[in-house]
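Just so you know, all these numbers are worked out from the coordinates, no wet-lab data involved. Everything numeric in this text was worked out from a predicted model, so none of it was measured. Please note: Cβ atoms are built from the backbone with ideal geometry, for glycine as well, and neighbour counts cover all protein chains shown.
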Amino acid sequence: MSANKGEHRFGMVIDLDKCTGCGACSVACMSENNIGTLLDETDKIRSITWLRVYQIDNGKAFPDTQIAFIPRPCQHCEGSHGHHTPCVSVCPATATDYDETTGIVSQIPTRCIGCRYCVGACPYHARYFNWFDVPWPKGAERGLSPFVSPRMRGVVEKCTFCYHRYQRAKNKAFLEGGSVGEKDYQTACTEACPSGAITFGDLNNPKHKVHELAKNPLAFRLLERLGTNTKVYYVSQRDWVQRKLDNYLAGEKLPVKAAS
Amino acid sequence: MLPIVFEWHWDIGHFVFMGLFYAALTVIGLGLVVAFRSTMKDLNSGKDPHDLGHH
Amino acid sequence: MDDSKFWPQGVKRCKPGMFIAWLLLPLALGGWATLSAFLCLYKGLNQTNMNDYFAFGVWIVVDLAIIALGAGAFFTGYLTYVLRRHELKNIINAAVIIGFICYSGAILMLGIDIGQPARGWFGFWHANVHSMLTEVMFCITTYAIVLIVEFVPLILENRQISKVPDLAIFAHHLHRIMIVFAATGTFLSFFHQGSLGGMFGVLYARPFAFRTGYMIWPWTFFLFILSAIASGPSFTTLIVMWTEKMSGRQLTSHSVKMLMGKISGFLLIFYMVLKTADTAYWANVTLPNMGLTMGDLYKQGPYGEWLLWVELGLCGWLPAIMLMFQKVRETYGLLALAMILNCSGAVFNRFVFTIQSLAIPVLPFENFASYLPSWQEWGISAGVIAYGLLLFSLAYRYLPVFPQEAELNK
């Protein structure tokens, strides 16, 4: 774990043993962030799901079959030295940025030229290109959240850890005096999860739950070996689930958790 | 691209990158200016293009 | 209708009717491309078969391929004007025209490939100087300006245009300082051929593309430069040979072609040594560090190890060795074959880096997705080729492209 220059490092710890795969997080995310629905959503690699829930299994036949669900928001990579995030470093138009004060990877759709280099750079498929204009039904604008701009065709979008909620929490803290507390800034997916699998907070703040949870020896990150240095941690007691989170050579043991 | 755009940082990356870019543009621009001026000079002195010889 | 007074001095061209009949091919392809471009701009990129897994498709492959093959312009220009290899003056005009076609074609194509073409200038205005793609955008655009400056004197040398004294003198003076433009072009080309390679090498979360490197430059940076200057002269020569076959006239002496073949061959040998070493290092050090073996990356769909054999063997080492032999270079057909293989190798390399890099899932639980371009994507790709055919045909007919032509066809 490398330290940020800024005071916050917002991150997530997702307990895969608690996740039931219900998809409430995805739905909450879509409604919170004004993600539209196309007339035809059959082609899943062209539809937009900021938080996608993958289903994996242990590859064994009945009765030894086990399944697990992996909710995958943007991993908000920190990279090797803060801003060397796979996507941020490649964007030609500075349409995506690494916020040093929060550790959040932002996306500015109105700045995006739609070259899709970032989509190719991200190994998590967390970035989505708007292949279509969203056919918002008449009157749908009244159901949209006023805090997040809907996106136009031809730009890339992704999970922002509900950054607008952080802005709102900061405003509230400013008006009432004091600072942004753990409860004041929670993402929509965290709040929606019925089994409490998702925990969100400031990884740098010892008072936040994620600070301890991320240190769990059973906490792993997706594709950790690539050096993306993500801020989304996954916890599972199940050995096969842990192994599925990264690539290992034959005979390679699970990496020993660094004492940090 | 220009220091008035807010992404601009006065750092080594911008110095090298933009420095080389503007240097290349300057060289191309100056080359064209030289070609124009020489053309004007030759035309004013009433030189016949066929006397210039072939390259 | 007689256009013979526009032909270059002392040469013959086919009848106007025949020329127009030939132009129907590029014009027809151009029509297909125009319709495709209209659909992509009006309805959006959903007209393509690209998706979030294949963020880049056939357009980027064609882009990278023609820019690599168009490198004949800068490298031949460098050898002709900076290193003063005077025999190359007999082919430099063709190289410049091909370079201009390739670069302007690529820029046109990129204008359709980006999701918001009207915002293309943001890449300049809001430039992120740490991105290889920014470097590509700046260098390609600036180099396109250089290519225009190099192309203009040739247009002004048209038999009728050069009768205007102002223009003839201007063309003369542009020629006089061509070394300045050639040197600037070399610098710009060098960096963007490199940054095109860097674009893939820096993708450290994409094991198939990622390469370690020197300072901020991944090895692909240097390899792309080398493969471009190895294949570019071959491509220029091939186009000249094709024009010779079509027109039935010899356009440059064989010794010029042999020299181009020799240059290509030596650069290709050098490239192949480094490329083979790079592949070995990547397979044995870079990939295992990421928990992968090379076999893991060559088992998805059609992307098997045959690609590696074709790129490095059939279209890499084979033409490199062929071009080393004087006998091969002396024989018209064998020289052409070696050059075709050489150019195919460069195209294969660009294809693999663009498509296979994206096709191989990185997440262990992710599925392989397939991609085949739509007719609109093929249409735009065909359009760039049509644009090249049209421009080169017109240039050959009306501009004094080949200084040796009149002499060789007396």
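Who wins for biggest fluctuation among C:ALA280, C:ALA395, C:ALA183 in a Gaussian network model of chain C, springs between alpha carbons below 10 Å?
Checking each option, the largest mean-square fluctuation is seen for C:ALA280.
Per 20 Å bin, what is the whole-percent P(r) computed from every C-alpha pair distance within chain C?
26, 58, 16, 1
How much length is gained if the chain between A:ASN205 and A:THR42 is pulled fully straight, taking 0.36 nm per residue apart and subtracting their Cα-Cα distance, in nm to one decimal? Each step should come with its number before you reach the end.
Details: separation 163, 0.36 × 163 = 58.68 nm, distance 4.23 nm.
That works out to 54.5 nm of additional length.
Of A:ILE67, A:ILE104, how do they rank once you tally other Cβ atoms within 10 Å and put the fewest first? Kindly include the intermediate steps, with their values, before the conclusion.
Details: A:ILE67 10, A:ILE104 23.
Placing the least packed residue first, the sequence is A:ILE67, A:ILE104.
Among A:THR37, A:THR228, A:THR49, which one shows the highest mean-square fluctuation when chain A is modelled as a Gaussian network with alpha-carbon springs under 10 Å?
Result: A:THR37 has the largest fluctuation of those listed.
Rounded to the nearest 0.05, what FRET efficiency do C:THR331 and C:ILE179 give with R0 = 35 Å and r taken as the Cβ-Cβ distance? Could you check? Intermediate results must be reported in sequence, preceding the final value.
On the way: r = 35 Å, r/R0 = 0.99.
So, using R0 = 35 Å, E works out to roughly 0.50.
Calculate how steeply helix C:89-113 sits against the longest principal axis of the alpha-carbon atoms of chain C, using the helix alpha-carbon long axis, and give the answer as 0 to 90 degrees to the nearest 10.
Once rounded, the angle reads 50 degrees.
Please report the spacing between the Cα centers of region C:334-378 and region A:129-180 in Å, no decimals.
Using only Cα atoms to place each centre, the spacing works out to 38 Å.
I need to check one value: relative contact order of chain A, counting alpha carbon pairs closer than 8 Å and at least 6 residues apart, in percent.
On the way: 463 pairs, mean separation 72.5, N = 260.
Relative contact order comes out at 28 percent.
Work out from phi, with θ = phi - 60° and the Karplus expression 6.51 cos²θ - 1.76 cosθ + 1.60, the ³J(HN,Hα) of each residue of region C:35-50, listed in order in whole Hz, and give x for Gly and Pro.
4, 4, 5, 4, 4, 5, 7, 7, 9, x, 6, 5, 6, 9, 9, 5
In deg cm²/dmol and to the nearest 500, what is the mean residue ellipticity at 222 nm of chain C if only DSSP H runs of at least 4 residues count, each as -39500 (n - 2.57), divided by the residue total? List each step's numbers first, then the result.
Working: 16 runs with 258 residues, N = 410.
Calculated at 222 nm, the ellipticity per residue is -21000 deg cm²/dmol.
Could you quote the convex hull projected area for the protein assembly as shown, Cα atoms only and averaged over all directions, in nm²?
Details: hull surface 146.4 nm².
Averaged projected area of the protein assembly as shown's Cα convex hull equals 36.6 nm².
So how far apart, in nm, are the two label points at B:VAL16 and A:SER106 if each is 7 Å from Cα heading toward Cβ?
For B:VAL16 paired with A:SER106, the spin-label model returns 2.7 nm.
How far apart, in nanometres, would the label points at C:SER370 and C:TRP309 be if each is projected 7 angstrom from Cα along the Cα-to-Cβ direction?
2.2
Starting from the Cα of C:LYS89, step 7 Å along the direction of its Cβ; do the same at C:ALA277; then give the gap between the two resulting points in nm.
3.8
Order of A:LYS231, C:LYS43 from fewest to most other C-beta atoms within 10 Å?
Lowest count first: C:LYS43, A:LYS231.
For a quick check: sort C:ARG13, C:ARG350 by the number of other beta carbons within 10 angstrom, fewest at the front. All intermediate terms of the calculation are to be shown ahead of the outcome.
Working: C:ARG13 17, C:ARG350 26.
Arranged by neighbour count, lowest to highest, C:ARG13, C:ARG350 become C:ARG13, C:ARG350.
Taking springs between alpha-carbon atoms closer than 10 angstrom, which of A:ALA219, A:ALA173, A:ALA61 fluctuates most in the Gaussian network model of chain A?
A:ALA61
Based on Cα coordinates alone, diagonalise the gyration tensor for region A:153-260, multiply each eigenvalue by 5, take square roots, and list the semi-axes in whole Å, largest first. Before the final figure, lay out the partial values.
Numbers: eigenvalues 192, 64, 33 Å².
Working through the eigenvalues yields semi-axes of 31, 18, 13 Å.
Enter the mean number of other protein chain beta carbons within 10 Å of the beta carbon of each residue in C:134-141, as an integer.
On the way: counts 7, 4, 2, 4, 8, 3, 0, 1.
Mean inter-chain Cβ contacts per residue within 10 Å come to 4.
Tell me, how many Å apart are the Cα centres for region C:113-163 and for region C:188-204?
Centre-to-centre distance over Cα atoms comes out at 17 Å.
Rounded to the nearest 0.05, what FRET efficiency do C:TRP22 and A:GLU224 give with R0 = 60 Å and r taken as the Cβ-Cβ distance? Could you check?
0.50
If region A:10-243 were replaced by its equivalent ellipsoid, with semi-axes equal to the square roots of 5 times the Cα gyration tensor eigenvalues, what would those be, largest first, whole Å? Numbers along the way, then the final one.
Details: eigenvalues 138, 108, 74 Å².
Semi-axes, largest first: 26, 23, 19 Å.
In nm, what is the difference between 0.36 nm times the number of residues separating C:LYS299 and C:TRP125 and their Cα-Cα distance? Each step should come with its number before you reach the end.
Working: separation 174, 0.36 × 174 = 62.64 nm, distance 4.21 nm.
Full-extension gain reported as 58.4 nm.
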